[in-house]
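Working notes for the structure below.
Read-outs throughout are calculated quantities, based only on the coordinates presented, and are distinct from any laboratory measurement. These numbers come from a predicted model, not from an experiment. Neighbour counts are summed over all protein chains in view; Cβ atoms, including those assigned to glycine, are modelled from backbone coordinates with ideal geometry.
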Amino acid sequence: MCYPRDVRCALPLALAGVLALGSCAVEMDVGDTNLACDAAHACPPDFVCLAAGFCVRPDWRCGMVNVLADDFEDGWPTWQWLASAAENGASLTEEGGHAVLAPAAGGTQPSWAWYESSEWYVWYGSRVFIEVPQSVNAIAGARAFLTLVFDGDDTISIAQEADQLYFKRHTAGVDATLGSVHYDPALHRWWQLRSADDRTHWETSPDALDWTARFDEPQLARPSLARVRFGVAADADVPDPGAAHFDNLNGGVALGHTCRAQDLDEDFEGSGTDGWRRSYEEGGASRGFFDGTAAVTLSDVEASTAAYLSSSAYSLVDNGLSIQVLEVPAATAGVSTWLQAVARSGDYIGIRLERDTLYFEQCLGGDVAVMGTVLHDPQEHRYWGLGHRNGEVHWSTSPDRQSWTTEVSAAEPFPLDTLTVAFGATATVPPTGSPVARFDDVR
């Protein structure tokens, strides 16, 4: 991986027209006719075919949960699931076009396995749904679930245990079961969590076309971002929990798209945490928001690093991002300040200041290449920029964010449509004092 630290441990709307399930940004109906589709029957132009076998329009909005989709045909959890986990003997695989998750049989400790999205997505006005062709065995102590995770580990979920399908919420440390139905694998083959009109909806369907409302309530707050998690769990000493098969998350086809990097507008006023939930610190470094800036303080007793990582992914295609660098550590070998745009694979393009030199870099497969350098001038290089146009990546600097100097350009090294914005500071050796880097105005 090329990351300074691995970011791994880092929503379509209701269908429109005849389904009438709430406010809609995707449409299924054309000329009052439901359009079926399969490998031999294509959708009309500007429509896509969901795995459930019908046509929908892509969502015009960006950053919604419907950016995330998977048909699990590639045989392994792809980069979008880097926060996934399997503990205490549970397993997580992809077989036969399904995500197959199994708790430990007869384990002496509780076990669990889940897929969890690497990134966060806009929840308000969105939805997530998944096909469950097979759930865990219908016995007490074994569970399969679809969950949305919000701040503070608040969650909403649909979970099957024994012969019941439960509709649940976990808020402020308190679990609440909001309703349940006798679980029917055919009638409840699809599970859905949906946000519409300031209400949260728990729904099921036999075919992902006709949805049955199971419970709904006013949203207790307007959670802005969520992670998607689905999987299994079992208590200790459950002899045969079985396995759950999941398929076609969000219909198996992404109807949404990531927002453009230029849409990111962060001045760090207030807490500033919402857009940077995957941030981290190691080795005694610290970070925090002070006086409308984002600061990193490095340790003076050991190697350390701290970084801000964007909660969501962004596209750098035909646009750009920039940051104001207000303060950097004194010029010292092994102490660097940096900005990166990082792909899920760990490849990145970035700007790094070490000692008195700005390095314009790209990392491919773990190999860092310096594309160019310039002697650092704190005033002339107050703003750092990464951009893309005409098939090329551009590394730029500016004194005022108005007049930009392109320091180096190169061919696009990897796809730029799903990138984490990351910035921070690193000391590979203990520095003198506790050096500080301060940043502002990411946009």
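Key figures
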{"read-out": "Shape call, the range 60-109: gyration tensor on alpha carbons, a/c limit 1.5", "value": "prolate"}
{"read-out": "For the range 115-140 versus the range 311-355, the gap between their alpha-carbon centres in whole angstrom", "value": "33"}
{"read-out": "Using θ = phi - 60° and Karplus 6.51 cos²θ - 1.76 cosθ + 1.60, couplings along the range 90-96 (whole Hz; Gly, Pro as x)", "value": "6, 10, 9, 9, 10, 9, x"}
{"read-out": "Proxy reagent accessibility, fewest Cβ within 10 Å first, across Asp367, Asp417", "value": "Asp367, Asp417"}
{"read-out": "Residue-wise HN-Hα coupling along the range 56-71, computed from phi with Karplus coefficients 6.51, -1.76, 1.60 (Hz; x: Gly, Pro)", "value": "9, 8, x, 7, 6, 7, 10, x, 6, 5, 6, 5, 8, 7, 7, 9"}
{"read-out": "Calculated from backbone phi, Karplus (6.51, -1.76, 1.60) coupling profile of the range 330-347 in Hz, x at Gly/Pro", "value": "4, 4, 9, 4, x, 10, 9, 10, 8, 10, 9, 10, 10, 6, 4, 6, x, 5"}
{"read-out": "Sorted by Cβ neighbour density within 10 Å, fewest at the top, the residues Phe360, Phe414", "value": "Phe414, Phe360"}
{"read-out": "The range 260-440 pair-distance distribution - Cα-Cα, 5 Å bins, rounded %", "value": "1, 9, 18, 22, 22, 18, 8, 2, 0, 0"}
{"read-out": "Rounded if a/c under 1.5, otherwise prolate or oblate - the range 7-257, Cα gyration tensor axes", "value": "prolate"}
{"read-out": "Stretch gain in nm, segment Met371-Thr108, where the contour uses 0.36 nm per residue and the Cα spacing is subtracted", "value": "89.3 nm"}
{"read-out": "Per-selection metrics, the range 136-253 (Cα): Rg and Dmax in Å", "value": "14.2, 44"}
{"read-out": "Backbone N under 20 Å from the Asp210 label point (7 Å along Cα→Cβ), restricted to the range 160-196", "value": "181-193"}
